[in-house]
Amino acid sequence: MCIVICLFFLGYILKHLKIRVSKTNKLELDLITLELKSLKNQMNPHFLFNALNNLQSILFINGAEQANVYLCKFSTLMRSTLEMTRNNTTSLRDELNYIKIYLDFEQIRANDELIITYDVEENLELSEIEIPVMVVQTIIENAITHGLIPSNRKKRLLVKIYKSNGNQLKIIIQDNGIGRSIKKTDYDKLIQSNKHHKSYATQIISERFKILNKLKKQRYNLEIVDLKRNGIQTGTKVIITLPIIFYDKKSKI
């Protein structure tokens, strides 16, 4: 009787472990799928088409020398993108370096009209902190494409990174673009002129964070704040909250 009871409980435990492992595997598969969608979003044909169109314009207007500079920046960005997406996480230092490469390229595309400010806490061990890839840069690209480019103001972008509550990392991406609360008629015109650039970036990141919250039992959060002054939209602030996790570069090789 004791053996039967023990076998029953053993079978019960194994069954629940199997269910738990199955759920974990499904979450990991869902996470990989979303990461692939992020990569696809980053390497979208519209971005490449615009980049090559800009190269053609620079070649005709500014000559071969400037076109060569642009082409070098573009190739560096593509190479860095492929290197960054080899793993699903990276160090904060590598992410920042990648962001600077990307924004350097965007500066050329925008004829140096972007005013970029970096505000990074001095005491942060950038190479020791792990963050998910294709998150910060994706939010920045979203801010430029959908907030700053359609705006007639001086285009300002803030990238702020600091430690919060001892064990959390806050990353703030703030722009002074058109925001999300523009009039419907203006929004329809914007979508019509930019219809191939519908963004699913924030949705994909939010879904990734939900899965990471379940898998790692830590807080990953994405918050979007509409900035207003006297009832008028003055930009958008995106707040990314991540747990501070030690980055082990050796395990990624």
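Values in this text are rule-based calculations from the coordinates and carry no lab data. Model, not experiment: these values are computed from the prediction. Glycine gets a Cβ as well: all are built from the backbone with ideal geometry, and neighbour counts include every protein chain shown.
Between beta-carbons, use under 11 Å as the cut-off and find the net charge around Leu103, counting Lys and Arg +1, Asp and Glu -1.
Once all neighbours under 11 Å are counted, the net charge is 0.
Put a dot 7 Å past each Cα toward the Cβ at Thr117 and Lys228; how far apart are the dots in nm?
With each label placed 7 Å out from Cα toward Cβ, I get 2.3 nm.
Search the structure for amide H atoms under 5 Å from the amide H of Ile129, placed 1.01 Å from N in the peptide plane, and list their residues when 5 or more places away or on another chain.
Leu92, Arg93, Tyr247
Multiply the residue gap between Glu65 and Lys249 by 0.36 nm, knock off their C-alpha separation, and tell me the result in nm, one decimal place.
Length gained, Glu65 through Lys249: 62.4 nm.
So if each residue of separation counts as 0.36 nm, and I subtract the Cα-Cα distance between Cys72 and Asn165, what length gain in nm does that give?
29.3 nm
Distance cut-off 24 Å, Cα to Cα: go down the list Lys154/Lys210; Lys170/Lys217; Lys100/Lys237 and report the pairs above it.
Lys154/Lys210
Around Ser164, under 12 Å between beta carbons, what's the net of Lys plus Arg minus Asp minus Glu among the other residues?
Once positives and negatives cancel, what remains is +3.
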